[in-house]
Structure formats: structure tokens, C-alpha cells
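Taking it in order: structure first as C-alpha cells, then the write-up.
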Amino acid sequence: MRRLFLNTVVYTLGEVALQVLSVVFMPLLTRLLSPTDLGKYSLVTMVVGALAYLYNPALHGAVTRYFYEHEHDEPARRRFQGTIVAFLLLWGGALTGVFLLVGPWLLPHIVPALPFHPYGYFIAAIAGLGVLGVVPTAAWAASERSRAFIGATLLSSSVNLGGSLLMVAGFGMAVFGLLWGRTLSLLVLAVPYTLYIARNIGLAWDRPQLTRALRFSIPLVPHLLAHWVLNASDRWLIERYRGTSAVGIYVASYAFIDGVNLLASSMNRAWVPLFTRSFADPEKRPTVARSITYFILVVASVSTSLVVLSPSIVRLFFAPAYGAAAGLAPVLALGGLAQGLYYVYVAVLFFHARNGVLPFMTVLAGTANVLLNILWLPTFGIVGAAWATLLGYVILTLGVRWASRRVARLPFEVARLAKLTVVCAVVMLLGTALDYALTGWLELGAKLALLLAGGGVLVALGFFSREELRALGLRQNKNSAP
């Protein structure tokens, strides 16, 4: 458990560094960029996100799933991972060539706000460079080498953050400053990825191994594309119905769902190796159950905090042009909770290699999200888009829960999770009631006090065991000196 939390902290630091522009520095970006410029940047990342699932047909999942079969067989590991690296380089190069040929005609038809010159070149560069990190990051996560992960991402993120802020704030390059910062950071990150591949993997070509990996991963591609639809297609629809400026406001509020998923995905990287090694062992089911409780505790705590605090943060720190984000942020932060719970249930399907059902669930959720956006955007505007995103993630999580329970039942500490659910729900309701009840910093201070009180109630209700309280420094060991 200690290793789980240490790795979670390390991954979180790396993820925070990687997404610092979109999450931590969103208030600053709202003061440096107009909603239209921020909307254009988001539309570029939307297209890159879709291409990323084509450039990498979910082969990182195969690296993680089969890593433990080759963990103690170095030649087999190199042959398997080297084959995947070689395929990704060839496949990625071919896709880039196709995109450069058809992109000048295709991109303006799909996203009119993004002319191919120059946005298409940034899209091709960002998507193409992304394949270099697929195998190294998956291998680091599977082997619990969290420090290697954070080292690479901190290197990249320092270039991304420093370069983007310099070009946006110093040289007034607006959206192009962000795009250059992102591209340069990937070029820098390509150095450690290439060195790791050369020293620890190499290139290989084993057709049976590639077939095996693709057989596992290809069913995930529709699933991941549907995930993209659920996560990003609303921006395309908002641009069509409400314009690029509305996309910028929506993206500013989306930083809060990103904030929840930031920690959830980081903890998932640390948790999956523990789960994979323990789930099949009946004697370790209590350990698995406790780790699930910790996972949900972290995700629910962050989501609750952002549901309560986000309206005050928007009003205090965001530029006035983004004021409408205050009404969207709590809804999206709650969507982050549903998105985080998805990781718990999907682990069962990956463990049993029953991932073929995932595309059906994500297509269902993505379709619901698109239909709700089309239905609600004309009437309710971007508030409707936020609610469509929340319901989409709820549908996804419930669907994956249903599928995972047909394969195996997860062990849960039901009593503890019930206490957590009640406390989080009450805190959210009280926090919502505080909106506009006070002014400015007083409102923010009252909400912070409410969140601390919620943590105290969890302790008082006995949510934490004595050992956990001692680990948190909240209870003195009886054997320790007074």
C-alpha cells in the first residue's frame, strides 16, 4: 500500500507537469488568451486526440497486459516490445504521409476554424511524435518505474510550460505559442524515449507476437475512439452551434474534469500493477479491496473539492470573459468522479482479456453524449454540453460495471464506501448552497472550511482504521514515547 501511494504521488507529479498548462495554469491562460484563441487550441488538441488512437492502435495496452509474461525473460521481452516499436514507427510514418496528402482538403471541411496552413502541420508533428513514447511509458508503468516516467515528463513539461508562456506572454504569439511549446516539448521528450528504446528494447519483427498484440489491442480502438467522442466531440459540436469563442469558455471549465482525471489516471498507473499481481490470489483479496477503497477515496475527494470550489475559483481567478465557466465547472468536476470510477471496473476486463465488450459500452456512451449535445446545445448552450458530458460518463461507468460483474466480482469494503458516499454528497450540497451566499474570498474560505470539516466527519465516523490514522499521523502509536 505504501508503494501504491508513493507511485501515485510520483505519477501525479509527472501528470501535473505534463498537463500543467491545461489544469494548473488555466486561470493564467484565460488572462493571456481570448476565448477564441483558447478554443482554436482546444480544437487542435481534439483532432490530435482522434489521430492518436489511429497512430497507436491501443498497443500500450498489449505491452502492459503481457509485460508480466516476459518480466523474467529478457530476450522474449525485447522481441515482443521491439516488434511493437518497429510497427508503430512504420505505421506512424505512413499515416503522417497520408495526412499531409489529404489534410489540406479534409481538415477545413471537418473543422472550418482550422485552416491546414499552419494548423495541419502542427497536428501532424504532434500526432507523429507521440508514438515514440508508447512502449517506454507502458513498460515503465508495468514495471513500477515511476521515477523514469516522471523524469521524462518533467523534462518535456519544463519545455512545454516555459516555451509556451514565453511565446504567449513574451512574444504575443497567442495560440501559436501554445502549439510551438507543445511541439518543442515532444521533440525534447523524443530524446530519452529514443535512448531507452535503443538501450533496453531495440527493433525486432516477430509476426506471431505482433498478431497477438494486435488481436488484443485492435478491439480497443473503437473503444478509445468512442472515448474520444465522449471526451472531445462536444467541442466540435459547440463550434458548430455556438462558435469558437464558446469552445474556449467550455475548455476553461473542462480543466476541472481534467483535474479529477489527472489524479485518477495517475493512481491508476500505480494501482494496475498491484491489482494485476493480486487479483487472482484469494488470500490477497482484502488487499485488493482496501486498494479500491483508497482509489475511490482519492477520486471522490478531489471531485468533491472541485465541485465545491470551482465556481469560486472561476469568479476569483479567471478573466471576466470566461465568467460563464462558473456554471459549467461543478457539473464537469462531477463527471470526473464517474470517469474515475470507470478505471476500477475496467481493470477486471483487462485482467481477464475480455476487452472486446468495451467498444460497445463506449460507443453507447459516446452516442448518448453526441445525441444529448445535439438536443441540448441549441436550447441550453454550453451548459447543456456539460450535462451531456456528465451523463455520458455515468452511462459508460454503469455499462463497464455491468460487463465486469459478468466476468468477476470485485471485492469492496461496502461499509466504508457508504460512509464516504454520504459525506461527499452532503459536502457537495452544502458547498453548492454557499455559492453567492458570501463574497469573493470569504466564500472561498467558507468552502475550504467545509471541506476540512468533511474530512473530520470521515475520521469521526470511523472511516479510517487505527493503522491508517497512525500512518496519516493522526493517532499516536501506543508503544511510542509520550
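Scanning the range 198-220 for residues that are assigned to a helix (DSSP H, G or I), under 25 Å from the mean Cα position of the chain (by Cα) and of a type in the set (A, V, I, L, M, F, W, C) yields a count of 4.
Here's the yes/no breakdown for (1) in contact with a His (Cβ under 8 Å, 6 or more places away or on another chain); (2) of a type in the set (A, V, I, L, M); (3) buried (at least 21 other Cβ atoms within 10 Å of the Cβ):
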| residue | (1), (2), (3) |
| --- | --- |
| I218 | no, yes, no |
| E239 | no, no, yes |
| I257 | no, yes, yes |
| N261 | no, no, yes |
| R285 | no, no, no |
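Can you tell which of G335, G323 is crowded, with 21+ Cβ neighbours inside 10 Å and not β-branched (V, I, T)?
Result of the check over G335, G323: G335.
Scanning the range 274-294 for residues that are touching an Asp or Glu at 6+ places or on another chain (Cβ under 8 Å) and under 25 Å from N231 (Cβ atoms) turns up just one, I292.
Results for (1) in contact with a helix residue (DSSP H, G or I) (Cβ under 9 Å, 6 or more places away or on another chain); (2) under 20 Å from D258 (Cα atoms); (3) among the aliphatic types (A, V, I, L, M), shown as yes or no for each residue.
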{"residue": "F360", "(1), (2), (3)": "yes, no, no"}
{"residue": "V363", "(1), (2), (3)": "yes, no, yes"}
{"residue": "A386", "(1), (2), (3)": "yes, yes, yes"}
{"residue": "Y393", "(1), (2), (3)": "yes, yes, no"}
{"residue": "S404", "(1), (2), (3)": "yes, no, no"}
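Being among the hydroxyl-bearing types (S, T, Y) and modelled with pLDDT of 90 or more, is that true of even one residue in the range 57-79? No, because not a single residue in the range 57-79 is among the hydroxyl-bearing types (S, T, Y) and modelled with pLDDT of 90 or more. Which members of the range 302-332 meet the condition of being of a type outside the set (A, V, I, L, M, F, W, C) and touching a residue at least 40 places away in the same chain (Cβ under 8 Å)? Scanning the range 302-332 gives S303, T304, S305, S310, P311, S312, R315, Y322, G327, P330.
Hey, among the residues in the range 420-434 that are buried (at least 17 other Cβ atoms within 10 Å of the Cβ) and out of contact with any Ser or Thr (no Cβ under 7 Å at 6 or more places or on another chain), which one's farthest from G327 (Cα to Cα)? That would be L420.
Against the criterion of being buried (at least 17 other Cβ atoms within 10 Å of the Cβ) and farther than 30 Å from A138 by Cβ, L88 does not qualify.
Scan the range 107-121 and tell me whether some residue there is of a type outside the set (S, T, N, Q), within 30 Å of T64 (Cα to Cα) and surrounded by 19 or more Cβ atoms within 10 Å (Cβ to Cβ). The answer is no, given that none of the residues of the range 107-121 is of a type outside the set (S, T, N, Q), within 30 Å of T64 (Cα to Cα) and surrounded by 19 or more Cβ atoms within 10 Å (Cβ to Cβ).
The values are calculated or read from the model by the stated rules, or taken from the named source; none is laboratory data. The structure presented is a predicted model; accordingly, all values stated were derived computationally and were not measured. Here Cβ is always computed from backbone atoms with ideal geometry, including for glycine, and neighbour counts include all displayed protein chains.
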